[in-house]
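Scroll down for the structure; my scribbles are underneath it.
The values are calculated or read from the model by the stated rules, or taken from the named source; none is laboratory data. As the structure is a computational prediction, the values presented were derived from the model and not from experiment. Here the Cβ positions follow ideal geometry from the backbone for every residue, glycine too, while neighbour counts run over all protein chains shown. Heads up: the accessible areas ignore ligands, DNA and RNA and are worked out on the full protein's heavy atoms, side chains in. Shrake-Rupley method; radii C 1.70, N 1.55, O 1.52, S 1.80 Å.
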Amino acid sequence: MAMAAKNMPKAGEEAGTRGSYGFDARVAHPARVYDYWLGGKDNFEADRIAGEQTIAAYPAIRASARANRGIRQFLDIGTGLPTANNTHEVAQSVAPASRIVYVDNDPLVLSHARALLTSRPQGVTAYLDADARDPDSLLEQAADVLDFSQPVAIMLLAILHYIPDLAEAQRVVARLISAMPSGSYLTISHAASDISPAEMAEMIRRMNEHLAEGNHVGRPREVVAQFFGGLELLPPGVVKVTQWRPASQTEADGPTSLWGGVGRKA
């Protein structure tokens with residue numbers, strides 16, 4: 001009631017003037033200024049003037065607004081076979097209109113994904129047959145679903161360790177990040193060569209005996225951290241995946257052979 005009373009016309013004011021409920025494009029409106037901060041198009045000159053003046057006073061307001069809005073677009077590369085708590089299920093449980101693109105180059109994975117990973121009606125879930133090592137083609141296809149003028153969360157979970165050439169893996173990550181706007185995120189998990197190193201080396205050797213390309217590699221923590229170059233690395237940084245904001249001490253103490261981290265593009 002107090003807020004409603006605050007916006008009631010004052011004595012002498014008429015509809016369409018400042019302080020009324022009437023629509024007046026000559027007067028900035030908080031929702032339209034917010035839209036301008038977010039890079040939207042549903043605003044007028046008065047809103048843009050107000051938006052620019054507030055940005056001049058506090059340049060971080062635009063990034064703050066985008067962070068408050070939250071991520072609603074996800075690019076999940078190297079999807080793997082569907083399991084519990086898939087990306088679209090988690091994202092759309094929070095924001096039903098979220099748009100998710102799954103990417104894999106395994107026909108079996110894509111077949112299962114199309115059959116089992118169904119979107120909520122308010123959102124979109126798509127599946128691309130593409131290779132992470134060809135980011136330009138991947139991005140071109142993903143643009144049919146995702147709006148790259150708005151923040152995107154890129155998920156590279158247990159995929160980069162199948163690109164054994166470090167320079168190539170770094171080029172892939174850099175290309176993906178370059179296509180994303182400010183406020184986007186990069187999530188990586190990667191096989192470690194310096195967690196139980198002897199056991200990991202033997203595990204990788206045995207796995208590569210059975211892989212067609214024999215291309216599985218582990219990398220040390222400092223090399224995995226390099227993938228986040230130029231990004232704001234969110235606390236607690238690059239750590240064992242069980243220790244990245246665990247729900248309990250039991251989870252934090254659990255066994256893992258992966259480094260993980262999340263970075264944000266400023």
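For a quick check: with amide H placed at 1.01 Å from N, whose amide H comes under 5 Å from residue 228's, ignoring anything fewer than 5 positions away on the same chain?
Hits under the 5 Å cutoff: none.
Once Lys and Arg get +1 and Asp and Glu get -1 on their Cβ, which of 196, 210, 226 lies farthest toward the positive end of the dipole of the stretch 159-254?
Towards the positive end, the residue furthest out is 226.
I need the phi-derived Karplus couplings for the stretch 173-182: 6.51 cos²θ - 1.76 cosθ + 1.60, θ = phi - 60°, integer Hz, Gly and Pro marked x.
Rounded to whole hertz, the list is 4, 4, 5, 4, 5, 5, 7, 9, x, 4.
Ignoring everything but the protein chains, give the 1.4 Å probe accessible area of residue 36 in square angstrom, nearest 10.
40
Sorting 172, 27 by accessible area (1.4 Å probe), largest first, what list results?
27, 172
Heavy atoms only, probe 1.4 angstrom, no DNA, RNA or ligands counted: give me 264, 99, 114 ranked by accessible area, highest first.
Final ranking, largest accessible area leading: 114, 99, 264.
Could the peptides 255-263, 49-57 be put in order, highest first, of the mean number of other beta-carbon atoms found within 10 Å of their residues?
255-263, 49-57
What full-extension length gain, to one decimal in nm, is calculated for residue 233 and residue 200 as 0.36 nm per residue of separation minus the Cα-Cα distance?
Contour length minus the Cα-Cα distance gives 9.3 nm.
Across the stretch 201-214, in residue order, what do the Karplus-derived ³J(HN,Hα) couplings come to in whole Hz, using 6.51 cos²θ - 1.76 cosθ + 1.60 with θ = phi - 60° and x for Gly and Pro?
My calculation for the stretch 201-214 gives 4, 5, 4, 5, 4, 5, 4, 5, 5, 10, 7, 4, 9, x Hz in order.
Would you mind checking which residues have amide H under 5 Å from residue 126's amide H? H placed 1.01 Å from N; only 5 or more apart, or other chain.
100, 101, 102
Taking a 1.4 Å probe, which of 203, 180, 155 shows the most accessible area, and what order do the others take after it?
Listed by decreasing accessible area, they come as 203, 155, 180.
How large is the charge dipole for the stretch 180-236, taken about the Cα centre, if only the Cβ atoms of Lys, Arg (+1) and Asp, Glu (-1) carry charge, to the nearest 20 debye?
40
Got a sec to turn the phi values of the stretch 160-170 into Karplus ³J(HN,Hα) couplings, 6.51 cos²θ - 1.76 cosθ + 1.60 with θ = phi - 60°, whole Hz, x for Gly and Pro?
5, 6, 9, 10, x, 6, 4, 4, 5, 4, 5
Given a 1.4 Å probe and the protein chains all in place, what does the accessible area of residue 44 round to, in Å² to the nearest 10?
80
Can you list residues from other chains, or at least 5 along the same chain, whose modelled amide H is less than 5 Å from the amide H of residue 234?
Long-range HN contacts for residue 234: 262, 263, 264.
Using a 1.4 Å probe on the protein heavy atoms, what percent of the accessible area of the stretch 126-266 belongs to carbon and sulfur?
Heavy-atom surface of the stretch 126-266 belonging to carbon and sulfur, 1.4 Å probe: 53 percent.
Over all directions, what mean area does the Cα convex hull of the stretch 71-218 project, stated in square nanometres?
For the stretch 71-218, the mean projected area of the Cα convex hull comes to 9.3 nm².
Take the eigenvalues of the Cα gyration tensor for the stretch 188-254, scale each by 5, and report the square roots as semi-axes in whole Å, largest first.
Value: 25, 17, 10 Å, ordered largest first.
As a test, work out the antiparallel percent of DSSP beta bridges whose residues both lie in the stretch 117-266, rounded to the nearest 5.
For the stretch 117-266, the DSSP antiparallel bridge percentage is about 65.
On the full set of protein chains, 1.4 Å probe, figure out the accessible area of residue 89 and give it in Å² to the nearest 10.
90
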